[in-house]
Amino acid sequence: MADNTLAAFPQGEFAAFSTAKMSHFLPYRQGMDQKTIEQFFGPDLGTKADYDSTHLVVFDHGRMLKVDPGEIVAKFPNGKYKVITIDYYNKNFNEPIVVDDDPGVDRKQDVTQ
């Protein structure tokens, strides 16, 4: 999947509701900086996900799921992570919520970038 399909999404982490529960998302792009990834996963980095200069992986029930540019990492309220496609996001979640002063969502990002 080409990375340009993320064009309608914020540049960093954002939140959205799914069946009245807030989930957080990281649209993964080619060359995403490590600080953004570390901020999204927080203390889960190294246990539920890992990253090096070329790959981001999410651990799901003992499986390593490689995250490709153009995919989205979802962090659910129960602490689980899932790698999803843009089509899956559009089918199951509302529009991204971007709040200026919430540390858990993307701040001052233009969703049309």
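The values are calculated or read from the model by the stated rules, or taken from the named source; none is laboratory data. Small disclaimer: the values here were computed from a predicted structure and weren't measured. Here the Cβ positions follow ideal geometry from the backbone for every residue, glycine too, while neighbour counts run over all protein chains shown.
Among the residues of the stretch 49-78, just one is at pLDDT 90 or above, surrounded by fewer than 17 Cβ atoms within 10 Å (Cβ to Cβ) and part of a loop (DSSP other than H, G, I, E, B), namely Asp68. The set of residues from the stretch 67-78 being touching a residue at least 12 places away in the same chain (Cβ under 8 Å) and either farther than 12 Å from Ser23 by Cβ or not hydrophobic (A, V, I, L, M, F, W, C) (or both) comprises Val67, Asp68, Pro69, Gly70, Glu71, Lys75, Pro77.
Confirm whether Gly104 is assigned to a loop (DSSP other than H, G, I, E, B), under 20 Å from Phe9 (Cβ atoms), modelled with pLDDT of 90 or more and not basic (Lys, Arg). No, not satisfied. The single condition among (1) among the aliphatic types (A, V, I, L, M); (2) assigned to a loop (DSSP other than H, G, I, E, B); (3) in contact with a strand residue (DSSP E or B) (Cβ under 6 Å, 6 or more places away or on another chain); (4) modelled with pLDDT of 85 or more that Val83 does not satisfy is (2). When Gly31, Gly70, Gly79 are checked against the criterion of being farther than 24 Å from Ala7 by Cβ and not aliphatic (A, V, I, L, M), a single residue qualifies: Gly79. Consider the stretch 86-101 and keep the residues that are surrounded by 14 or more Cβ atoms within 10 Å (Cβ to Cβ) and not in a strand (DSSP E or B). The one that is modelled with the lowest pLDDT is Val98.
In the stretch 19-39, the qualifying residues are those that are under 15 Å from Asn78 (Cα atoms) and not β-branched (Val, Ile, Thr), and the one that is surrounded by the most Cβ atoms within 10 Å (Cβ to Cβ) is Phe25.
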